[in-house]
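Peer 1: This is the structure, below, for whatever I ask next.
The values are calculated or read from the model by the stated rules, or taken from the named source; none is laboratory data. What you are looking at is a predicted structure, and each value in this text was computed from that prediction instead of being measured. So basically every Cβ, Gly included, is an ideal-geometry build from the backbone, and we count neighbours across all protein chains shown. Surface accessibility is based on the protein's heavy atoms, side chains included, excluding ligands, DNA and RNA. Shrake-Rupley method; radii C 1.70, N 1.55, O 1.52, S 1.80 Å.
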Amino acid sequence: MIPVRCISCGKVVSAYFDEYTKRVEDGENPKEVLDDLGLKKYCCRRMLIAHVEAW
Amino acid sequence: MEIDIKEKHDNELTFVVKDVDVSFINAIRRICTVEVSTMAIDMVSIFKNDSTLFDEVLAHRLGLVPLETDLEAFVLPSECDCEDNCPSCSVSLILKGKGPKVVYSGDLVSAHEAVKPVYDSIPLLKLKEGEEIELEAIAKLGIGLEHAKWQPTITCAYKYYPVITIDDSCEVCMKCVNECPRNVLEYDESQNKIVITDIENCSACKTCMNNCEQEAIHVDALNDKFIFKIETDGSLSPEEVLENACDVLKDKSEEIVVFCKGGAKK
């Protein structure tokens, strides 16, 4: 499960998780998806980029 | 004091404050992060949890879900007359689900119409075929000093207003323009000199100063002007947070006034 908030700053990153995974699977560039979702800080961006959904 | 709003998006606000000192702006910042109250889930009674998440992990995830807060409608549990919890200091939220599905924050059913999750798309847990979840969560007002889940702010920070000066000894070698990590400087061809284009973006890293062989460029900061950025989790708007922070500060100062007039509590 994706952490509810960004570990460093506390932004609610999990709210964008489904949209992010779907759009990246559809072939969009992760950088553009993150910019579009308004995740500007690198702490929040790594939360989604580095996450592995294990189960 | 002069305030000038620079940028405003949903839950983000950037403004420039003039004619204040560090101690004052820092007091406001600290109160915003840690002493303005918001709603968050505090107690969870789990009746059934067949999922792979442990009860305490699930309760922790629920606590981090930001809830829309109406500060007028509730009082802090410490200031409430009741013993445990009552409708004036707490709200109950019910979560029920049957697998196979992903349970989202939007599935929380609140007993109070003003208190509901800010985002409906936060995945809370996953249920497989035949698994069930049933729980009651009690949300209460609280402050960030007690637990970070009650912090209304995400980014809440200020920086000194930067000032860059370039003297006549500048030979327009372009090193400062090329080295600046935030593209604050630019070469103006018509005047044949370096100009400052985006001063508020400058982080005062002094990379330009360190790369200037003529020592023509200087980065300094004003100590009575600040760029303040505040971003909230959606439970309150940035304006509401600032307003409540000022109220908290006012109440604290009031106690000193009472003390000076000889009415201090023993």
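Peer 1: What number of residues in the stretch A:1-45 are part of a helix (DSSP H, G or I) and touching a strand residue (DSSP E or B) at 6+ places or on another chain (Cβ under 8 Å)? Walk me through how you get there before you give the answer.
Peer 2: Going residue by residue through the stretch A:1-45, those that are part of a helix (DSSP H, G or I) are A:13-25, A:30-37, A:42-45.
Subsequent filtering for residues that are touching a strand residue (DSSP E or B) at 6+ places or on another chain (Cβ under 8 Å) retains A:14, A:17-18.
Residues that pass the stated criteria total 3.
Peer 1: Among (1) touching an Asp or Glu at 6+ places or on another chain (Cβ under 9 Å); (2) without any contact (Cβ under 8 Å) to a residue 60 or more places away in the chain; (3) hydrophobic (A, V, I, L, M, F, W, C), which single condition is residue B:176 missing?
Peer 2: (1)
Peer 1: Restricting to the stretch B:1-29, and then to whatever is surrounded by 14 or more Cβ atoms within 10 Å (Cβ to Cβ) and not in a strand (DSSP E or B), can you tell me which residue is nearest to the other protein chains (Cβ to nearest Cβ)? Talk me through it step by step, then tell me what you get.
Peer 2: Taking the stretch B:1-29 first, the residues surrounded by 14 or more Cβ atoms within 10 Å (Cβ to Cβ) are B:11-17, B:20, B:25, B:27-29.
Checking which are not in a strand (DSSP E or B) leaves us with B:11, B:20, B:25, B:27-29.
Details: B:11: 10, B:20: 25, B:25: 20, B:27: 21, B:28: 19, B:29: 15 Å.
Going through the qualifying residues, I end up with B:11.
Peer 1: Out of (1) touching a Leu at 6+ places or on another chain (Cβ under 6 Å); (2) surrounded by fewer than 13 Cβ atoms within 10 Å (Cβ to Cβ), the odd one out for residue B:37 is which?
Peer 2: Status for residue B:37: all satisfied but (2).
Peer 1: Being touching a residue at least 12 places away in the same chain (Cβ under 8 Å) and more than 18 Å from residue B:237 (Cβ to Cβ) is the filter here, so list the residues in the stretch B:1-25 that pass it.
Peer 2: Within the stretch B:1-25, B:1, B:2, B:4, B:16, B:17, B:18, B:19, B:20, B:21, B:22, B:25 qualify.
Peer 1: Just checking, does the stretch B:220-240 include any residue being more than 14 Å from chain A (Cβ to nearest Cβ), polar (S, T, N, Q) and without any contact (Cβ under 8 Å) to a residue 12 or more places away in the chain?
Peer 2: No, the conditions are met nowhere in the stretch B:220-240.
Peer 1: For the stretch B:131-142, which positions are open to solvent by 10 Å² or more (accessible area, probe 1.4 Å) and farther than 21 Å from residue B:83 by Cβ?
Peer 2: If the condition is that a residue be open to solvent by 10 Å² or more (accessible area, probe 1.4 Å) and farther than 21 Å from residue B:83 by Cβ, then B:131, B:132, B:134 are the ones that fit.
Peer 1: Also, I was wondering about something else. Return the residues of the stretch A:44-55 that are open to solvent by less than 100 Å² (accessible area, probe 1.4 Å), in contact (Cβ under 8 Å) with a residue 12 or more places away in the chain and under 10 Å from the mean Cα position of the chain (by Cα); say none if nothing qualifies. Give the derivation first.
Peer 2: The initial filter retains those residues of the stretch A:44-55 that are open to solvent by less than 100 Å² (accessible area, probe 1.4 Å), namely A:44-48, A:50-51, A:53-54.
If we keep only those that are in contact (Cβ under 8 Å) with a residue 12 or more places away in the chain too, we end up with A:44, A:47-48, A:51, A:53.
Matches in the stretch A:44-55: A:44, A:47, A:48, A:51.
Peer 1: Further, regarding this structure: Have a look at B:146, B:136 and point out the one that is in a strand (DSSP E or B), charged (D, E, K, R) and either out of contact with any Lys or Arg (no Cβ under 9 Å at 6 or more places or on another chain) or within 30 Å of residue B:226 (Cα to Cα) (or both).
Peer 2: Details: B:146 fails: in a strand (DSSP E or B).
The conditions single out B:136.
Peer 1: Would you pick out the residues in the stretch A:8-37 that are within 11 Å of chain B (Cβ to nearest Cβ) and not small (Gly, Ala, Ser)? Spell out how you get there, then give the answer.
Peer 2: At the first step, the residues of the stretch A:8-37 found to be within 11 Å of chain B (Cβ to nearest Cβ) are A:8-21.
The answer is A:9, A:11, A:12, A:13, A:16, A:17, A:18, A:19, A:20, A:21.
Peer 1: Please state which of the following conditions residue B:125 fails to meet, knowing it meets all the rest: (1) within 14 Å of chain A (Cβ to nearest Cβ); (2) under 15 Å from residue B:63 (Cβ atoms); (3) touching a residue at least 40 places away in the same chain (Cβ under 8 Å); (4) open to solvent by 20 Å² or more (accessible area, probe 1.4 Å).
Peer 2: Going through (1) within 14 Å of chain A (Cβ to nearest Cβ); (2) under 15 Å from residue B:63 (Cβ atoms); (3) touching a residue at least 40 places away in the same chain (Cβ under 8 Å); (4) open to solvent by 20 Å² or more (accessible area, probe 1.4 Å) one by one, residue B:125 breaks only (4).
Peer 1: Related question: Has the stretch B:71-84 got at least one residue that is open to solvent by 40 Å² or more (accessible area, probe 1.4 Å), closer than 30 Å to residue B:131 by Cα and more than 11 Å from every other protein chain (Cβ to nearest Cβ)?
Peer 2: Scanning the stretch B:71-84 turns up no residue that is open to solvent by 40 Å² or more (accessible area, probe 1.4 Å), closer than 30 Å to residue B:131 by Cα and more than 11 Å from every other protein chain (Cβ to nearest Cβ).
Peer 1: Could you look through the stretch B:85-104, keep only residues that are within 14 Å of chain A (Cβ to nearest Cβ) and not in a loop (DSSP other than H, G, I, E, B), and pick out the one that is farthest from residue B:144 (Cα to Cα)?
Peer 2: Residues of the stretch B:85-104 that are within 14 Å of chain A (Cβ to nearest Cβ), as a first pass: B:99-104.
Imposing the further condition that a residue be not in a loop (DSSP other than H, G, I, E, B) reduces the set to B:101-104.
Values: B:101: 33, B:102: 30, B:103: 27, B:104: 25 Å.
It comes out as B:101.
Peer 1: Please enumerate the residues belonging to the stretch B:167-213 that are within 30 Å of residue B:5 (Cβ to Cβ) and assigned to a loop (DSSP other than H, G, I, E, B).
Peer 2: B:180, B:181, B:182, B:183, B:184, B:197, B:198, B:202, B:203, B:204, B:205, B:206
Peer 1: Quick check on the stretch B:149-166: of everything there that is polar (S, T, N, Q), part of a strand (DSSP E or B) and within 14 Å of another protein chain (Cβ to nearest Cβ), which residue is surrounded by the fewest Cβ atoms within 10 Å (Cβ to Cβ)? Please lay out each step first, then the result.
Peer 2: Within the stretch B:149-166, the subset polar (S, T, N, Q) is B:151, B:153, B:155, B:165.
Now drop any that are not part of a strand (DSSP E or B), which leaves B:153, B:155, B:165.
Still in the running and within 14 Å of another protein chain (Cβ to nearest Cβ): B:153, B:155.
Working: B:153: 26, B:155: 17.
Among those residues, the one meeting the criterion is B:155.
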